Amino acid sequence: MRKKKSSESALHEVEGIKQPASVSDNSIKNIKLKRSVQPSEAVYIEKILAGDISYLSRAITLIESTNLKHQEKATAIIEHCLPFANKSVRIGITGGPGAGKSTFIEVFAKQFTSKGKKVAVLAIDPSSSINKGSILGDKTRMEELVKDPNAYIRPSPSGESLGGVAQKTRETIILCEAAGFNVILIETVGVGQSEIAVHSMVDFFLLLKLAGAGDELQGIKRGIIEMADAIVINKADQDNIKRSNLAKAEFSRALHLYPPKESSWQPKVTTCSAFYNEGIDAVYEIIKDYLSLIMSNGYFEKRRNEQNKYWLLETVNQQLKNNFYNKPTVKEALKKYLEDIQKLKTTPFKAAEELLKLAQKQ
Ligand code: GDP
């Protein structure tokens, strides 16, 4: 197997190639015209439920659009797809840059697709909320997986905030499930807030780690370990095997010190080599065991219900904030109040009260 570059993560975007001279401007116009004829909601729904990937992609683009009409259409499509969603396993995968996420996902997804399951790979990229996730043409994908007819890879949506990106991903999950994907993998890089967002939408949370220099717990936030259902130490190959086994022992010891999880699941630690495709089947087995436990003790349903409640409140919060900050009068007044607090003309609390009053007036 060829060595993978870190640029092959689902989180990575590269600049597109220039339009070849053989493609005339006219043909581009024609393509755009055809694409601009929007199918009706009913067509979208019918095609998505039939597993049509091209319509699924277009519907996700509607979700990601900032155009109000597109968003309304997306909401209607999601609503109709909802009764057909939910029948999947949602797995979150996190790890620092270079931990081997994309290499791992490529071989891990095969564990499912080789058994006839359909896998969707989504991503939450916290940086897309900073640089607005500019779409620079063609994206570099996981090369092997992209050829698998049972896999669908979608990069991180862009958005103004992590909250927005996360909401769009959640809506995307519903459409993917309605389109027949029964395994949803959601990848994120190890940045605290995005990990929490991913955790809030998955059934199983997998932390991908590398063996360190014997101080494994250094620099890992307690919260992240607490969220993990499995810690998988990757790159356990060649002269790294011994260190990986030591890391495994240290993580296992540490995990036993944490209070038991509500799911009654005892998180597992294992080693693997994504590059040499070793130990991946063990990760698959861990998830299988976990699922059979939480299906039988009722935790699966309980957690999904809790997540739905959380997302209802989260969406309301998000919408309230958007409505507030998008009001022109608030925008203007906010600027003034920010200056005023700097000049100590008023207090932050008084200014906040005034702003909220102003927003209620309209
Ligand atoms: P990501 O940034 O977490 O998506 O990491 P990548 O999957 O892009 O991997 C980063 C680098 O580590 C690449 O050069 C991979 O070929 C390499 N890599 C990934 N998994 C393994 C592994 O199991 N063993 C070894 N030796 N290298 C690996």
Segment 175-317 - percent of accessible surface contributed by carbon and sulfur, probe 1.4 Å: 55
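For each pair in LYS115/LYS309; LYS73/LYS115; LYS147/LYS235; LYS235/LYS309; LYS235/LYS268; LYS309/LYS331, compute the distance between the two Cα atoms and list the pairs where it is over 27 Å.
Details: LYS115/LYS309 33 Å; LYS73/LYS115 35 Å; LYS147/LYS235 25 Å; LYS235/LYS309 38 Å; LYS235/LYS268 17 Å; LYS309/LYS331 31 Å.
The pairs that break the limit, which is 27 Å between Cα atoms, are LYS115/LYS309; LYS73/LYS115; LYS235/LYS309; LYS309/LYS331.
In whole Å, what three semi-axes, largest first, describe the equivalent ellipsoid of segment 85-297 built from its Cα gyration tensor (square root of 5 times each eigenvalue)?
The three semi-axes for segment 85-297 are 26, 19, 19 Å.
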q = 0.15 Å⁻¹: log10 I(q)/I(0) that the Debye formula gives for segment 242-347, counting C-alpha atoms only: -0.82
Sequence-distant residues sharing a close amide H with MET201 (under 5 Å, placed H): none
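Do any trypsin sites (Lys or Arg not before Pro) in segment 169-259 lie in a DSSP loop with no more than 12 other beta carbon atoms within 10 Å, and if so, which? Don't skip to the end; give the middle numbers.
On the way: sites: ARG170, LYS209, LYS221, ARG222, LYS235, LYS242, ARG243, LYS248, ARG253; in loops: LYS221, LYS235.
Counting only loop positions with at most 12 other Cβ atoms within 10 Å, the trypsin sites (Lys or Arg not before Pro) in segment 169-259 are LYS221.
Calculate the dipole size of segment 85-297 relative to its Cα centre from +1 charges on Lys and Arg beta carbons and -1 charges on Asp and Glu beta carbons; express the result in debye to the nearest 20. Intermediate results must be reported in sequence, preceding the final value.
Numbers: 25 positive and 24 negative charges, 40 e Å.
In debye, rounded to 20, segment 85-297 gives about 200.
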Whole-Hz couplings from phi, Karplus 6.51/-1.76/1.60, listed for segment 147-154; x for Gly and Pro: 8, 6, x, 9, 10, 9, 10, 10
In segment 260-347, GluC sites (Glu not before Pro) in a DSSP loop with at most 12 other beta-carbon atoms within 10 Å: GLU262
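Per residue, how much accessible area does segment 38-80 have with a 1.4 Å probe, in Å²? Walk me through the intermediate numbers first.
Working: 2290 Å² over 43 residues.
Dividing the accessible area of segment 38-80 by its residue count gives 53 Å².
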For segment 306-319, Karplus couplings with θ = phi - 60° (6.51, -1.76, 1.60), whole Hz, Gly/Pro x: 5, 5, 5, 4, 4, 6, 4, 5, 4, 5, 4, 4, 4, 5
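The values are calculated or read from the model by the stated rules, or taken from the named source; none is laboratory data. From a predicted model like this one, the values you see are computed outputs, not experimental measurements. Cβ sites come from the backbone with ideal geometry, for glycine too, and all protein chains shown count toward neighbours. The protein model used for the area step is the full one, side chains on, heavy atoms only, and it has no ligands, DNA or RNA in it. Shrake-Rupley method; radii C 1.70, N 1.55, O 1.52, S 1.80 Å.
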